[in-house]
Amino acid sequence: MGDANEGKALTVQIDGESFARIPIRTRVVMPGDDLDGFISEYAKSAVRSGDLLFVTEKIVAITQGRSFPISEITPRRLARVLSRYVVKTPYGIGLGMPETMEMALRECGTPRILFAAAVSAVTKVFGRRGDFYRVAGDKARAIDGPTSGTIPPYNEAVVLGPERPRDVAKHLKSLLADGVDVAVVDINDIGGNILGSTLDRAGEARLVKILSDNPLGQGHQSTPLGIIRAA
């Protein structure tokens, strides 16, 4: 069994059961890389029946050509204005920079982003948080901008969410041993979402709990894959 990332526990107890979260260290995924080949190279021999392979949404998106250098993104004035009102955290800049907001406007459409901003402005008065992303949807939530810990060259890039993550999970499952499930996940140090998987809803809900502290880490760990295994 592999070692946990620094500051992360290798095993967790969820609903009375123990699960190991085994990070898989890899090289940096680059635009043009083949996801099937990457999974076969790093995960195929590591998983066994009964395991779940979880794959970060970022590497799926990069192999789909959904990574864009900041230098090639020209934010419109609306993107510059809206980005000023986004709460920034140490775990990710989200839409708090003009370039990521510009890509949200392109991905989700201007009307939806404006509606999400209007709803958020109203509900914040009443102490509610998170309504912007609830209204804007998963496409907006999944957009990644650079942080101080982002691995080059993505410290100077915006990465969109992956396309068809559920189909991706089903396809990757077909590459692996029988009895292995797959999930494409969007996780950070304050929580996460399952974008697509071969699990049922109850299984996805349990997986969110298992990954709640982000065992893959948020910085230079270079572990974009992991295995969940009954401990």
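The values are calculated or read from the model by the stated rules, or taken from the named source; none is laboratory data. Just so you know, these numbers come straight off a predicted model, no measurement behind them. Quick reminder, even Gly has a Cβ in these numbers, built from the backbone with ideal geometry, and neighbours come from all protein chains shown. Heavy atoms of the whole protein, side chains included, go into the accessibility calculation; ligands, DNA and RNA do not. Shrake-Rupley method; radii C 1.70, N 1.55, O 1.52, S 1.80 Å.
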Once all protein chains are kept in place, residue 71 shows an accessible area at probe 1.4 Å, nearest 10 Å², of 110
The distance between the Cα centres of the range 50-105 and the range 171-204, in whole Å, is 21
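With a 1.4 Å probe and all protein chains in place, put 56, 74 in order of accessible area, largest first.
74, 56
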The summed charge of the residue 117 Cβ neighbourhood (under 13 Å; Lys/Arg +1, Asp/Glu -1) stands at +3
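Do you know the relative contact order of the range 1-137, to the nearest whole percent, from alpha carbon pairs under 8 angstrom that are 6+ apart?
Numbers: 111 pairs, mean separation 18.2, N = 137.
Relative CO of the range 1-137 lands at 13 percent.
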For the chain the mean separation of alpha carbon contacts under 8 Å (6+ apart) over residue count, i.e. relative contact order in percent, is 33
So, over other residues within a Cβ distance under 14 Å of residue 160, counting Lys, Arg +1 and Asp, Glu -1, the net charge is -3
For Rg and Dmax of the Cα atoms in Å, with candidates (i) 19.1, 56; (ii) 22.2, 78; (iii) 17.8, 52, the value calculated from the shown model is option (iii)
